[in-house]
Each structure stands twice: as C-alpha cells, then as structure tokens.
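Everything below concerns the one structure shown next.
The values are calculated or read from the model by the stated rules, or taken from the named source; none is laboratory data. Being a predicted model, the structure only gives us computed values, none of them experimental. We place every Cβ from the backbone using ideal geometry, glycine too, and count neighbours over all the protein chains shown.
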Amino acid sequence: MNPPGAFTVRARRWSIVVRVRPLLTALGVVLALVVACATSVAVGNGRTTGWRAVEALFGGGDFAAFQIVHVLRMPRFVAGLVAGAALGIAGCLIQTLARNRLATPDLVGVNDGATVGVLLTVLGSASGAIGAWWAGPIGAMVAAALVVALAGGLGTTGYRVLVVGIGLSVAIDAITELILAKQDIDSARSLYTWTLGNLNGRDYDVALPVAAGLAVVLPVALIAARRLNLLRFGDDTATTLGVSVTRVRLLALIAAVLLAGLAVGVGGPIAFVAMAAPVIASRVAGDGGVPILVAGLLGGLLVVVADTIGRAVGDVELPVGVLTSVLGGPFLLWVLLSRKV
C-alpha cells in the first residue's frame, strides 16, 4: 500500500515510490528555469536583447544574434545552472548529515577550501586568469577531511560541526588573502572578483565537465538520500532497519563535498545558495523526505536569476555572489530566528 499522496512505478524487478507533491514542485521549478533561460539570454548590451535574443535562442534571427546568444550567453546560463544545482544538492546533503540548517558548504569551510584549491593553480602566474576548475573538488575534500577530523568523526551532528567549520573558514580565508597578496594588482583584482562568486566569462569548457560530474554524483546523492531519511529516526533505528550508518554518512559526505567543489570551480564561492535552496525545497516539497532533486533545481534557479539581475541593473555588472549575499543575509536571520533550525 502506498503512503498518502504517492504512487508506485514498477519496471520488472524494480519499483519506486513517487510522491506527488515533490514531483509537481520539481516540474514547476523546471518551467521556471525555462522562463529564466529566456530572460537570461535576453539581458545584455547592444542590439541583441529582448525578443530578438529569445528568437535567436530558438534558431531565428541573423547570424550575429545567434552567435551572441549561443556562444556567449547560453554557456553562462548553463554554468550558472550546474553550479547552482551542485550547491543546492551539496547543501541539502550536509544539512541532513549535521541535522542543522546552518551547516552548509559555505559556512563549514568546504567552499573556502575549494576556493584556495583553485587559487593555488594560478599562484605565481601574472595572467590574472581564473584557476583550473578541477582543483575545486580537491580543495573541498581536504577542507572537509579537516572539519570531520576536528569535529570528532562522521557521527558528529549539531553545532559542533558548525563551530569547527567556521573556525576553519577563518584560517582558510587567511590563506586566500595571502595568495591574492602575492599577485600583481591587475591579477589580484580579477581573482578577487571571482572569489566573490562570478560567472563572467565562464563557458562550456568549464560548464560541461562539471555537468558531467553532476550527472555522475547525482545518482549517488539520490541513493544516499533514501538512507539518510532513515537516519532522522536515530542511528539505532536506522541500523535496525538495515542501514549501514557509517557507510551512508561517508557516501553522502563525499557526494556533497565533490558537488560543492565542482560548483566553486565554475563560479567561485557563491554564498547562501547551499543554505537557501534546501530550506525552500523542504517547505515547498513537503517534509516527506530529503528533497535532493528539488533542492538542486532551486539552487540552479537561484543562481541564474541572481546572475541575470546582476547584469540587468545599473551600468556595472554585479557579481552573482554579491547579490546572493545581499539576499542571503535576511534569509540567514530568518533561519536563525525560526524554530526549525
């Protein structure tokens, strides 16, 4: 018998219970992403804006408009989408592991570790170019290992992880400042803008490898989410139900850290998305489970919308991380004052 508001999909030996509310929520966010895509490519300088840009998106218009949309703006949209999706899923996993809404990659030092990893690849270079995206997951893994070790192991939950992560973030930020200080003024300015969270100049060369990584890690995250849902009842209950608690925690942590590192490799440490997306997802999709898919879709939507607003307002483009920080401050206060922390 299916639980209320759910139905079962069967295929040979496999079956899965699908909840209607999260499914409808995910479809709604996908529609919102389609609108966000059209809006994103329609915003910019020059003549290729508005409906002319939307027409070029679907193959219409002249060659110049087609090139601007498909060579410059669509890669940026895809980069923002995959970075936001990775942050949303990573935040959802880490929040569930720590059983704390405040425990997210950008607050427990994982994003800072990924940032240092990327910056180390350009140490001593005078080009001012953003570092290699693949260094993000490596730096994130090192930072996560330090947080887990200092917090007391994989079974640690609550505020201990948060306190250790914040302390580690302060130390890692000092390393970031040291790396920037070693650059010349022009390189430091370019790299500093990236450390705020910036999608400017990001193309398919970065977005597609990260999208491939997301496609590999997402199924792992979904498998881990089904087991993590049982951990809400306590380790003893989960073990009784046949869950290998240590293995599930390790699997979820690795998936979350890799996704956070990939996201930083694309657009830098975009703040508060990893916190906001899972919280919003749990509210709109219901409390029936760990909302991995909805959190990922909402994370992508938040980043794309923030990036579009940053390009649309004023004469100077605002980095996406600046806008998410402005919106994330009040959101953080709401989470702190809410009873469901």
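Numbers at a glance
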quantity: Residue among 115, 104 that is among the hydroxyl-bearing types (Ser, Thr, Tyr), assigned to a helix (DSSP H, G or I) and within 17 Å of the chain's Cα centre (by Cα); calculated: 115
quantity: Close pairs (7 angstrom Cβ cut-off, 6 or more residues apart or separate chains): at negative phi in the range 142-153, part of a helix (DSSP H, G or I) and at pLDDT 90 or above anywhere; calculated: 142/113; 143/110; 143/112; 143/113; 144/110; 144/257
quantity: Residue, nearest to residue 276 (Cα to Cα), within the range 303-321, restricted to residues that are of a type outside the set (A, V, I, L, M) and not in a loop (DSSP other than H, G, I, E, B); calculated: 321
quantity: Scope the range 291-321; condition more than 16 Å from residue 87 (Cβ to Cβ) and not acidic (Asp, Glu); matching residues; calculated: 308, 309, 310, 311, 312, 313, 314, 316, 318
quantity: Residue match in the range 15-32 (condition: of a type in the set (Gly, Ala, Ser), surrounded by 14 or more Cβ atoms within 10 Å (Cβ to Cβ), modelled with pLDDT under 90 and not in a helix (DSSP H, G or I)); calculated: no
quantity: Enumeration of residues in the range 52-96 that are acidic (Asp, Glu), more than 29 Å from residue 298 (Cβ to Cβ) and not in a loop (DSSP other than H, G, I, E, B); calculated: none
quantity: Criterion (of a type in the set (A, V, I, L, M, F, W, C), modelled with pLDDT of 90 or more and either over 18 Å from residue 114 (Cβ atoms) or crowded, with 24+ Cβ neighbours inside 10 Å (or both)) met by exactly one of 263, 221; calculated: 263
quantity: Scope the range 330-340; condition assigned to a helix (DSSP H, G or I) and free of Cβ contacts under 8 Å to residues at least 40 places away in the same chain; matching residues; calculated: 330, 333, 334, 337
quantity: Residue among 196, 218 that alone is within 20 Å of residue 110 (Cβ to Cβ), touching a residue at least 24 places away in the same chain (Cβ under 8 Å), in contact with a helix residue (DSSP H, G or I) (Cβ under 6 Å, 6 or more places away or on another chain) and not charged (D, E, K, R); calculated: 196
quantity: Tally of residues being buried (at least 17 other Cβ atoms within 10 Å of the Cβ) and either charged (D, E, K, R) or outside any loop (DSSP other than H, G, I, E, B) (or both) across the range 35-51; calculated: 6
quantity: Selection within the range 202-253 - of a type in the set (Ser, Thr, Tyr) and in a helix (DSSP H, G or I); calculated: 204, 237, 239, 240, 246
quantity: The range 277-311: number of residues that are surrounded by fewer than 24 Cβ atoms within 10 Å (Cβ to Cβ) and closer than 17 Å to residue 220 by Cα; calculated: 2
